[in-house]
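The values are calculated or read from the model by the stated rules, or taken from the named source; none is laboratory data. Remember, it's a predicted structure, so these values are computed and weren't measured experimentally. Please note: Cβ atoms are built from the backbone with ideal geometry, for glycine as well, and neighbour counts cover all protein chains shown. Ligands, DNA and RNA are excluded from the accessible area calculation, which covers all protein heavy atoms including side chains. Shrake-Rupley method; radii C 1.70, N 1.55, O 1.52, S 1.80 Å.
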Amino acid sequence: MAQEPPAARLRVRNDGDDLLELVLEPYGSDHWLLPGETFVVWTIGSPGAERPWSGTTRGNEPFEVDHAPGLVTVHINGSLGYVTDTDGNEIECGRCRPAGTDTA
């Protein structure tokens, strides 16, 4: 019987009054949260592996998070990562990105 890959999720909520940029690494994709909005960051690990979250120094840490004013960066340590709303609908890169924002 094939083993299901482990999945982990991390909820990110914007409790501020301004847009909050969420960057998903290693992809560099930007996803902008409106005030009061919550996104869910997902990562998929390796099934049956001793260390399913390959990008970390510990086998049980699917995410690493950095914060700066107006910015949250989530590093996924699985083989795949993506961002959804709380209903599971995928959030595309650049959603609500302010005009003139440098993405380079």
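Key figures
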item	result
Pairs with Cβ under 9 Å, 6+ apart, first in the range 32-46 and in contact (Cβ under 8 Å) with a residue 60 or more places away in the chain, second open to solvent by 40 Å² or more (accessible area, probe 1.4 Å) and assigned to a strand (DSSP E or B)	W32/E21; L33/R13; L33/E21
E37 surrounded by 15 or more Cβ atoms within 10 Å (Cβ to Cβ) and modelled with pLDDT of 95 or more	yes
Residues (within 15 Å of T38 (Cβ to Cβ) and either open to solvent by 60 Å² or more (accessible area, probe 1.4 Å) or not small (G, A, S) (or both)) located in the range 66-104	V72, V74, V83, T84, D85, T86, D87, N89, E90, I91, R95, C96
